[in-house]
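The next block holds one structure in the form of structure tokens; read it before the comments.
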Amino acid sequence: MRACWRAIVAVFFAGALLWSCGAEQRPRTERISGSAGDVLEDDPVGRLKVFVYELPSKYNKKILQKDPRCLNHMFAAEIYMHRFLLSSPVRTLNPEEADWFYTPIYTTCDLTPTGLPLPFKSPRMMRSAIQLISTTWPYWNRTEGADHFFVVPHDFGACFHYQEEKAIERGILPLLQRATLVQTFGQRNHVCLNEGSITIPPYAPPQKMQTHQIPVDTPRSIFVYFRGLFYDVNNDPEGGYYARGARAAVWENFKNNPLFDISTDHPTTYYEDMQRAIFCLCPLGWAPWSPRLVEAVVFGCIPVIIADDIVLPFADAIPWEEIGVFIDEKDVPNLDTILVSIPPDVILRKQRLLANPTMKRSMLFPQPAQPGDAFHQILNGLARKLPHSRNVFLKPGEKMLNWTAGPVGDMKPW
């Protein structure tokens, strides 16, 4: 068996050398063909108008002043979306002409000393903000939030808990049932994902990644790369609940496989290593998503997505099936066989698609914003929902939301 793997490794490295030598003659990028490419390059300006509520600073700016670490964690999209909209040409100061209403509230900016967000105050904070806008402006009450959108980048979105079992038990905050939720969490047939939600990438620092770019003609000499936890011994001592056992299966099956560069270590060359890899594993953790998906796309490493029923960012615009590889969680023990069997021409096409700058921009929240970036993809998603259907607007006196629904703890003042 060891001799067999040596042969595969020899062929792989020979192929990597051949690819790097022939790179000058091959097209470096490939545009997405058909409607998907056109959608990805849409310009939302002129297609929608957004009114930004001016809330007291305790809902946003003061929270950030208290803990600036929130600017750099994976949930920071809620902060940068607010900043982007304040100066965006889609913003209108006249709420009567708005298509959408945005409430800038930083529900993930309550961090532990180690930088993990605590979602326990988020429901009360959200309820407080909705109560404020519903009593100060008339627009919430016209639709009970059906023409409003909220950025909720928690692990399980507006279910506001980092453990799936408890998130499912909580469900989406009842007051947000009619709103459009812009969230990182996406999983089909899950109580924490409403139909019509917009799934977005988690925040990854664009400038930091830019400083770690290496020459594009650097050979990809690593076949499979992954850095991260395989077991969460603190929260899942038995090892079967975290990542539904998928990460544990990766480690147990491939820790000694020479084609797999996998470890719990997080080296200073992490970003550079991804640019030297052909495949980057993107397995689920506690939630199905992680920043590795963004990093893989930005660094041109084919994402190997191991998360059953995941709903990926901007799935109506990005052809994930063409740029990634999907592995069922039950098939993790066969991961080596599956990846080795992918034809070279398929790998090369995925790499060319990933090399397209349009693809990379769509996954990032840069400062300042750039055409086609994640901010614009969110706006495109909102624009595609227009015009609003008739059932968005309530009849006089009609009520659909129950303000007293939900856990008793959520009713306490914030």
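The values are calculated or read from the model by the stated rules, or taken from the named source; none is laboratory data. All figures in this text were calculated on a predicted structure; none of them were measured in a lab. As a convention, Cβ positions derive from the backbone with ideal geometry for all residues, glycine included, and neighbour counts pool all protein chains shown. Quick note on the areas: whole protein, heavy atoms, side chains included, nothing else; ligands and nucleic acids left out. Shrake-Rupley method; radii C 1.70, N 1.55, O 1.52, S 1.80 Å.
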Exercise. Could you state the number of Å between the C-alpha centres of the range 112-128 and the range 283-313?
Worked result: 25
Exercise. Using alpha-carbon pairs under 8 Å, 6+ residues apart, how would you state the relative contact order of the chain in percent?
Worked result: 20
Exercise. Sorted by average packing, counted as other Cβ atoms within 10 angstrom per residue and highest first, what order do 255-262, 231-238 take?
Worked result: 255-262, 231-238
Exercise. Using a Förster distance of 56 Å, how high is the FRET efficiency between residue 401 and residue 212, based on the Cβ-Cβ distance and rounded to 0.05?
Worked result: 0.75
Exercise. Which ³J(HN,Hα) values in Hz, rounded to whole numbers, follow from the phi angles of the range 287-297 under the Karplus curve 6.51 cos²θ - 1.76 cosθ + 1.60, where θ = phi - 60° and Gly and Pro get x?
Worked result: 10, x, 10, 6, x, 4, 4, 5, 4, 4, 5
Seminar exercise, completed: Whole-Å distance linking the alpha carbon centroid of the range 142-195 with that of the range 66-110 is 17
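Going down the list 49/121; 66/121; 61/385; 49/385; 166/399; 121/166, which pairs span over 23 Å between their C-alpha atoms? It would help to have the intermediate numbers written out before the result.
Values: 49/121 31 Å; 66/121 16 Å; 61/385 30 Å; 49/385 13 Å; 166/399 28 Å; 121/166 15 Å.
In this structure, 49/121; 61/385; 166/399 exceed 23 Å between Cα atoms.
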Exercise. Per 10 Å bin, what percent of the C-alpha pairs of the range 33-130 does each bin hold, from zero upward?
Worked result: 14, 38, 29, 17, 3
For this session: Would you mind listing how long the chain runs along its three principal axes, going by Cα atoms, in whole Å with the largest first?
Result: 75, 49, 38
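Hey, can you rank 51-57, 285-291 by average C-beta count inside 10 Å, highest first? Write down the numbers at each step before the final one.
On the way: 51-57: 15.7, 285-291: 21.4.
By packing density, highest mean first, the sequence is 285-291, 51-57.
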Exercise. So between residue 316 and residue 112, what do we pick up on full extension, going 0.36 nm a residue minus the alpha carbon distance?
Worked result: 69.9 nm
Seminar exercise, completed: Residues meeting the amide H criterion for residue 91 (H placed from the backbone, H to H distance under 5 Å, 5 or more places apart or on another chain) are 50
Exercise. Can you tell me the Rg and the Dmax, both Å, for the Cα atoms in the range 206-363?
Worked result: 15.0, 44
For this session: Could you calculate the FRET efficiency of residue 388 with residue 189 from 1/(1 + (r/R0)^6), where r is the beta carbon distance between them and R0 is 30 Å, rounded to 0.05?
Result: 0.70
Exercise. With axes computed from alpha carbons, what is the tilt in degrees of helix 122-136 against the longest principal axis of the chain, rounded to the nearest 10 within 0 to 90?
Worked result: 40
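Per residue, how much accessible area does the chain show when a 1.4 Å probe rolls over the protein heavy atoms, in square angstrom? Before the final figure, lay out each step's value.
Values: 18750 Å² over 414 residues.
Ligands and nucleic acids excluded, the figure is 45 Å² per residue.
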For this session: Report ³J(HN,Hα) in whole Hz for each residue of the range 313-323, in order, from the Karplus equation J = 6.51 cos²θ - 1.76 cosθ + 1.60 where θ = phi - 60°; Gly and Pro get x.
Result: x, 6, 5, 7, 10, 9, x, 4, 5, 7, 9
For this session: Of all alpha-carbon pairs in the range 68-123, indicate the percentage at a distance above 12 angstrom.
Result: 69
Exercise. Any idea how far apart residue 233 and residue 91 come out in nm if each label point goes 7 Å out from Cα toward Cβ?
Worked result: 4.9
Seminar exercise, completed: Quick tally, 1.4 Å probe accessible area for 181, 93, 229, 132, sorted with the most first, runs 93, 229, 132, 181
Seminar exercise, completed: Here the relative contact order (percent) of the range 206-363, from C-alpha pairs under 8 Å and at least 6 apart, is 22
